[in-house]
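Below you'll find the structure, written out as structure tokens, and then a few comments.
Read-outs: derived from the displayed coordinates by stated rules, not from any lab. Everything quoted here is computed from the prediction, not taken from an experiment. Counting neighbours? That spans all protein chains shown, and the Cβs are built from the backbone with ideal geometry, glycine included.
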């Protein structure tokens, strides 16, 4: 039964992605290159519709075998609120403030039932007793930031699709280990639906997922992180480690731009993955190394569950050092490039 669900998710997504990639498709809008873009030619940006269509069909089929928990209903409603405003934005750009208001509303819908807030163990071995208002506030900020950073990171062929596959496939395995079959199945459906899209999004991409895909998947990543931690499948810091390739890049880039007093809502090409492409690595080489990083984070997240709290802290410190070294490496490559160009 599970194999049938993930097969449907993959095939529907792959078929619709192929259909939307053709020039004669009726439902078609193009992502035209701008200051933030790494692509050179206008490219269809309707892949997110294919992913969500596959998710919807597979979820309806899954509902015949499972009794979806009330929390998941609000996850799905919030996802389609995000998809709706993103579709409008893909068709005709709307202001950042208008999008953000809808993002706040979707986060409110997700958290209004009081069952998907932050859990007490946010770091290994440290238990905090949170007041309800603090749980709600930090959960709210976590959801809004995750869905926006996913959108920020969707700027290169295959990157957001790869993060979704690694992230939700690991969620599925964690659900299996915890004997939470519904969480496992829904995570698998999201991973396989995205795999169907990635067939045509891997460099060189024929189609992008657009804001419909990136924002919706970011919202789902946040929602499943909170859902899994509330169900006791994993502590929230495991999910943060799992999605750290996106979280670290987007967060440090935002902080760096704020310190430079740049207008953070304007397009740019200063994310670390964008800088690697501009250094001459290209899309394929960069995304393959990003996949290696994602795979390492996934394995670490799985491995960390069976460690003592002290060992878990050592693992997190090791990852902090790894990210600092990666940042130093990219900065060093840029300095070398400028140095060599000064002799031309």
Likely footprinting exposure, 300, 309, 56, fewest C-beta neighbours within 10 Å first: 309, 56, 300
Report the residue, chosen from 229, 132, 13, that carries the largest GNM mean-square fluctuation when the chain is represented by alpha-carbon nodes joined by springs under 10 Å. 132
Quick one: 310, 268, 103, 283, fewest Cβ neighbours within 10 Å first, how do they rank? 310, 268, 283, 103
Spacing of the two label points (7 Å from each Cα toward its C-beta) at residue 30 and residue 178, in nm: 4.5 nm
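Under 8 Å for C-alpha pairs, at least 6 residues apart: give me the relative contact order for segment 161-264, rounded to a whole percent. Don't jump to the answer; show the numbers that get you there.
Values: 70 pairs, mean separation 26.4, N = 104.
It comes to 25 percent, rounded to a whole number.
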Relative contact order as a percentage, segment 2-341, C-alpha pairs under 8 Å and 6+ apart, gives 24 percent
Fewest to most Cβ atoms within 10 Å: 271, 180 sort as 180, 271
With the chain treated as a Gaussian network of Cα nodes joined by springs under 10 Å, which of 45, 223, 320 yields the largest mean-square fluctuation? 320
As a test of the formula, what do you get for the chain when each DSSP H run with n ≥ 4 contributes -39,500 (n - 2.57) and the sum is divided by the residue count, at 222 nm and rounded to the nearest 500 deg cm²/dmol? -24000 deg cm²/dmol
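Share of Cα-Cα pairs in the chain beyond 25 Å, in percent?
Numbers: 30413 of 58996 pairs.
Of all Cα-Cα distances in the chain, 52 percent exceed 25 Å.
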Could you order the peptides 209-218, 256-265, 156-165, 195-204 from most to least packed, using the average number of other C-beta atoms within 10 Å per residue? 209-218, 156-165, 195-204, 256-265
